[in-house]
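Everything below concerns the one structure shown next.
The values are calculated or read from the model by the stated rules, or taken from the named source; none is laboratory data. The model shown is predicted, which means the values in this text are computed figures rather than measured ones. Neighbour counts run over all protein chains shown; Cβ positions are idealised from the backbone, glycine included. In case anyone asks, the SASA skips ligands and DNA or RNA and just uses the protein heavy atoms, side chains included. Shrake-Rupley method; radii C 1.70, N 1.55, O 1.52, S 1.80 Å.
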Amino acid sequence: MTTTAAVGPGSARVAVQRFGAFLSSMVMPNIGAFIAWGLITALFIRDGWINLLLPQPDNGWVAMLGGWGTFEGHGIVTPSITYLLPLLIGYSGGRLLHETRGGVAGAIATMGVITGTSVPMFLGAMIMGPLAGGTMKLLDARWEHRIRPGFEMLVGNFSVGIWGGVLAVFGFFVVGPLVAVVSNALSAAVGVLVASGLLPLTSILIEPGKVLFLNNAINHGILTPLGTEQAALTGKSVLFLLEANPGPGLGLLLAHMVFARGTAKASAPGAAVIHFFGGIHEIYFPYVLMRPVLILAMIAGGMTGVFLNVAFGVGLRAPAAPGSVFAVYLQTAPDSYAGVTLAMAGSAAVSMVVASLLLGFDRRTDPAGADLAAATARMEELKGRRSAVAGLLGRPKGPIGTIVFACDAGMGSSAMGATMLRRKIEAAGIADVAVLNAAIGQLDGTADLVVTQSRLTERARRRAPGAVHVRVDDFIASPAYDGIVGLLREEAAARVLLPGPDGPAPPAPVGEPDRVATLTLLAPSRVRIHPGSASRDAALREATDLLVAAGAVTPAYYAAMQARERAVSTYMGHGLAIPHGTSERQDTVLGTAISFVRYDGGVDWDGHPVTFVVGIAGRGTEHLPLLARIAVIFSDAAEVDRLATAGTPAELFALLDAACAE
């Protein structure tokens with residue numbers, strides 16, 4: 001038996017990807033704060049836009065905000081980069097490992113490294129935040145079941161405060177000075193690369209790293225912190241442009257528009273618009289993976305862009321996220337527009353020329369789009385999750401006419417997801433697109449686009465190999481829904497798809513429930529409220545007991561529910577789970593009924609917090625309209641708040657009944 005794959009290059013790449021994703025998860029939620037700091041800096045510092053266009057006095061309001069003139073050392077700019085941004089990163093890092101308690105401990109610990117040195121502590125925050133969150137989680141686990149009733153709040157608050165304070169002192173005296181040394185060394189290394197003209201060589205690592213989805217480790221782990229520190233000292237940084245420059249990707253796609261064939265040529269125009277203007281760089285990755293030699297064009301374009309940026313001494317005020325031409329220009333320093341424009345144009349031109357030459361040597365026909373589809377699948381494998389945009393490059397030209405939301409049994413989640421997606425499409429004013437729901441076993445090749453839960457996508461691909469497949473994990477408000485709507489709106493992107501062959505239609509979409517259906521399927525006796533928490537299996541047991549009492553299932557339905565969770569989680573998102581049995585155990589279902597239980601203390605549903613558990617037993621499709629209406633209810637935060645604050649089961653049932661009857 002061969003086991004080398006587990007320790008081969010792939011596993012190392014995955015480990016780096018995960019590390020990069022973790023770093024990104026600390027920085028990306030706070031990119032808005034970085035952008036705000038960049039805009040404030042661009043407007044209010046002495047060399048900012050306002051003072052350049054309309055010279056301001058040293059004691060004016062612009063100087064006060066920018067922290068110059070008589071207000072040197074004050075204002076918004078310096079405190080934001082010194083305190084706000086590192087504290088946000090530290091809080092996010094701690095919260096990743098231990099929710100709010102970890103975030104609070106991370107922020108306290110980060111304050112120690114901030115005050116322990118004179119340089120901006122981005123790297124220090126990325127150390128102290130996770131360190132505080134992880135250790136706080138370990139400490140909480142040690143005394144979780146040893147606290148006397150009534151002392152939980154006291155112990156909880158003091159433990160965070162004491163441990164956060166200890167780590168703040170540790171950060172002040174130990175971590176801060178060490179990180180300052182490392183940060184200064186890295187900054188000096190960047191200075192050497194710039195002074196010696198070697199900075200363009202970083203493209204040899206960055207461009208392949210992007211295609212392999214290692215860009216988060218490179219960009220958010222190294223370039224953004226170093227670039228922000230450099231921008232704080234000089235007002236701009238070229239490091240923000242090393243990875244974000246959209247020029248090389250644009251050149252690659254332009255070359256495919258002219259010299260490629262088949263699907264690659266047909267889809268390149270829409271991909272170029274999404275890449276250059278939308279800033280979604282991953283949409284060009286399948287074109288490189290389809291012909292790996294094209295990475296040479298990306299490297300050549302990237303090196304050209306970096307060379308021109310360095311030659312003209314340009315830089316951005318803050319990160320350009322996403323890497324759209326609009327975001328780049330928005331963060332460009334006032335003296336850098338010409339250089340940044342030339343760098344984008346030059347890098348696009350060089351990558352286009354090199355890619356065109358390489359395509360000319362390798363003009364394979366691609367009438368069925370097999371190469372691009374395979375490359376897209378390979379890209380998603382490298383990414384480790386769905387790509388909502390590039391995943392729609394896998395079929396040749398044609399309109400999307402039928403979207404099928406498929407689940408394992410077609411019992412509940414597919415109806416909910418189809419309802420939410422249908423409402424979004426209708427709200428966008430898009431007609432002539434049917435959104436249906438079905439079991440995976442009912443997929444027959446007629447769907448143009450199939451939406452499934454992530455763990456079911458491969459099964460769906462085998463049933464509908466000619467369809468575009470989109471994965472979701474949050475059925476109530478998945479970002480993928482907006483991506484699908486955006487593609488339907490954009491004709492260029494939508495035209496990369498082909499309708500499937502004629503065949504029998506999937507089941508018709510579900511309708512709206514009426515009051516009689518609600519009262520029949522969900523009786524007051526099957527609505528409960530628990531003030532505490534429960535395990536997932538305990539919640540499954542309670543749902544089963546309620547359905548057994550209703551005469552809808554046998555006691556063996558509990559095992560069928562457990563089997564469903566082992567195969568595919570029934571977590572829907574927004575604190576909702578809809579457990580039900582497997583299609584193989586329909587013999588345990590005697591009728592149709594629904595239970596509704598609220599757990600105020602929450603249920604850990606495979607790592608997701610769940611408050612509402614809707615148990616389902618269904619024969620036929622009688623229950624689907626009610627589930628569709630429940631999906632709509634849970635997409636409305638105000639409705640969910642009303643359900644969460646109902647004082648009694650009777651009040652909770654009345655709210656459900658009224659909402660379903662609207």
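For (1) of a type outside the set (Asp, Glu); (2) over 21 Å from residue 320 (Cα atoms), each residue gets a yes or a no:
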| residue | (1), (2) |
| --- | --- |
| 211 | yes, no |
| 229 | no, no |
| 241 | yes, no |
| 259 | yes, yes |
| 276 | yes, no |
| 281 | yes, no |
| 286 | yes, yes |
| 290 | yes, yes |
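I need the full set of residues from the range 525-578 which are more than 20 Å from residue 607 (Cβ to Cβ), of a type in the set (Phe, Trp, Tyr) and open to solvent by 10 Å² or more (accessible area, probe 1.4 Å), in order please.
The one that is more than 20 Å from residue 607 (Cβ to Cβ), of a type in the set (Phe, Trp, Tyr) and open to solvent by 10 Å² or more (accessible area, probe 1.4 Å): 558.
Conditions tested, residue by residue: (1) within 26 Å of residue 233 (Cβ to Cβ); (2) assigned to a helix (DSSP H, G or I); (3) among the hydrophobic types (A, V, I, L, M, F, W, C); (4) at pLDDT 90 or above.
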site	(1), (2), (3), (4)
289	no, yes, yes, no
298	no, yes, yes, yes
320	yes, no, yes, no
323	yes, no, no, no
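Would you pick out the residues in the range 581-597 that are at pLDDT 85 or above and open to solvent by less than 10 Å² (accessible area, probe 1.4 Å)?
Across the range 581-597, the qualifying residues are 588, 589, 593, 594, 595, 596, 597.
Taking the residues in the range 226-245 that are open to solvent by less than 20 Å² (accessible area, probe 1.4 Å) and not in a helix (DSSP H, G or I) as candidates, determine which candidate is farthest from residue 46 (Cα to Cα).
245
Cβ contacts < 6 Å: first residue closer than 26 Å to residue 611 by Cα, restricted to the range 576-594; second residue among the small types (Gly, Ala, Ser) and in a strand (DSSP E or B), any location; separation 6+ or different chain. Result?
579/615; 589/617; 593/617
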